[in-house]
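One structure is given here, and the rest of the page talks about it.
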Amino acid sequence: MPEIVGNLHLHTTASDGTGSHAEVAAAAIRAGLDFIVYTDHNIAVEGVEGWWRDAHGREILRLMGQEINDMQLVPEYNHLLCHFVADDLNNLAADPQQLIDAIHARGGLTFLAHPLERPGMGAAQEMYPWLSWDISGYTGIELWNTMTDVKWQLRSKLRAVIGAYLPYLVLTAPFPEVLAKWDELLATGQKVVVIGNSDAHAMSFSLGPLRRKIYSYEFLFRTVNTHLLLAEPLAHEVSQARRQIFEALQLGHCFVSNDLVASSRGFSFSGSSGDRQASMGDTLPLQETATLRIASPLPARLRLLHQGRVVAETTDRELTWQTAERGVYRVEAYRYYWGWQRGWVFTNPIYVE
Ligand SMILES: [Zn+2]
Ligand SMILES: [Zn+2]
């Protein structure tokens with residue numbers, strides 16, 4: 001399947017980011033991304049969608065989204081990523097269910113941003129988790145958000161100094177409580193698509209006399225991204241390409257990866273049962289037994305989970321598993337990077353029914 005890599009949560013000077021739309025796109029090209037979705041806070045920006053070319057003639061597809069939250073709340077929790085909708089729907093921000101329904105009615109997708117957070121240091125102590133779980137009909141959740149992870153990792157002065165000079169040491173894996181929350185949602189029988197993003201703002205960091213611009217857009221775009229598996233190569237015609245990206249996200253034909261650990265292009269999780277085939281995000285009707293296959297471009301600690309529990313594990317490039325049990329199967333892969341094991345790949349599930 002053709003694979004494209006992109007980032008679906010980032011900020012520009014249109015809200016609280018430090019880079020212009022063009023600077024952000026140029027950084028994404030340098031980091032090797034195929035597409036980005038701008039998601040500035042509570043603002044609908046027009047006229048930025050389409051292919052954008054840098055000075056070297058390299059191209060990237062730019063799409064529009066927003067990150068909407070109710071700015072009256074203290075702290076401002078419930079951040080909703082609204083992709084593919086350009087209308088200003090901030091008047092609905094106080095009612096998450098109404099907002100979700102309105103986005104979907106306009107042909108958009110919704111993901112709960114950084115659904116669970118951990119406190120950082122100083123001003124970053126504030127947390128913006130998702131609290132209104134009494135909702136339905138959303139597309140999925142953000143499983144891994146680089147800046148949420150960074151905020152927690154830099155929670156003391158010593159950690160902040162180390163993190164400022166050695167950003168490679170910082171990222172670990174999605175928080176176990178976010179993985180557990182996802183498994184809990186999946187156990188209710190709903191399909192919940194996961195994505196992973198940078199949440200890039202590229203702010204500078206200061207600690208006493210120390211002032212450093214860390215976590216640049218380019219660096220962040222080399223970290224947590226979403227890899228999409230397409231049925232056909234990405235079209236050059238914008239509305240067609242947009243529809244391909246929309247469909248891959250809606251169906252969960254995608255996986256989350258920390259590309260800093262290693263490039264995960266080519267990673268696959270597939271299933272077959274009788275004459276039926278399935279890829280991540282798909283439902284696989286069970287005919288007596290099903291075979292699930294993981295194939296990794298590099299050796300990794302591969303874990304196959306069924307209903308949130310590990311059922312098979314190996315350190316290799318492949319894992320094949322036969323099962324006669326229905327349920328939700330998903331994959332996690334870990335690899336060593338700068339001395340310790342990090343989360344690398346987290347796939348959307350195959351739903352064996
Ligand atoms: Zn947010
Ligand atoms: Zn954000």
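Among the residues making up region 19-40, those that are surrounded by fewer than 19 Cβ atoms within 10 Å (Cβ to Cβ), touching a residue at least 60 places away in the same chain (Cβ under 8 Å) and either part of a helix (DSSP H, G or I) or within 16 Å of ligand 1 (Cβ to nearest atom) (or both) are E23, R30. Checked against (1) touching a Ser or Thr at 6+ places or on another chain (Cβ under 6 Å); (2) under 22 Å from G308 (Cα atoms), L220 passes all but condition (2). Applying the criterion of being of a type in the set (A, V, I, L, M, F, W, C) and in a strand (DSSP E or B) to the residues of region 227-242, the residue that is surrounded by the fewest Cβ atoms within 10 Å (Cβ to Cβ) is L229.
Scanning region 307-324 for residues that are in contact with a strand residue (DSSP E or B) (Cβ under 7 Å, 6 or more places away or on another chain), in contact (Cβ under 8 Å) with a residue 24 or more places away in the chain and either more than 15 Å from L284 (Cα to Cα) or not in a strand (DSSP E or B) (or both) returns Q307, E318, L319, T320.
Just to check your reading of the model, which residue among L143, L116, L171 is modelled with pLDDT of 90 or more and away from ligand 2 (no atom under 16 Å from the Cβ)? It is L171. Elements of the type strands (runs of 3 or more DSSP E) sitting completely within region 41-92 and holding at least 3 residues that are under 22 Å from the mean Cα position of the chain (by Cα), within 16 Å of ligand 2 (Cβ to nearest atom) and not small (G, A, S): these cover 59-68, 80-83.
Scanning region 96-105 turns up no residue that is within 15 Å of ligand 1 (Cβ to nearest atom) and assigned to a loop (DSSP other than H, G, I, E, B).
Given the conditions (1) touching a residue at least 60 places away in the same chain (Cβ under 8 Å); (2) closer than 14 Å to F346 by Cβ, and given that L304 satisfies all but one, which numbered condition is not satisfied? That leaves (1) as the condition not met.
The values are calculated or read from the model by the stated rules, or taken from the named source; none is laboratory data. Computed from a predicted model, the values in this text were never measured in an experiment. Reconstructed Cβ throughout: ideal geometry from the backbone, glycine too, with neighbour counts over all protein chains shown.
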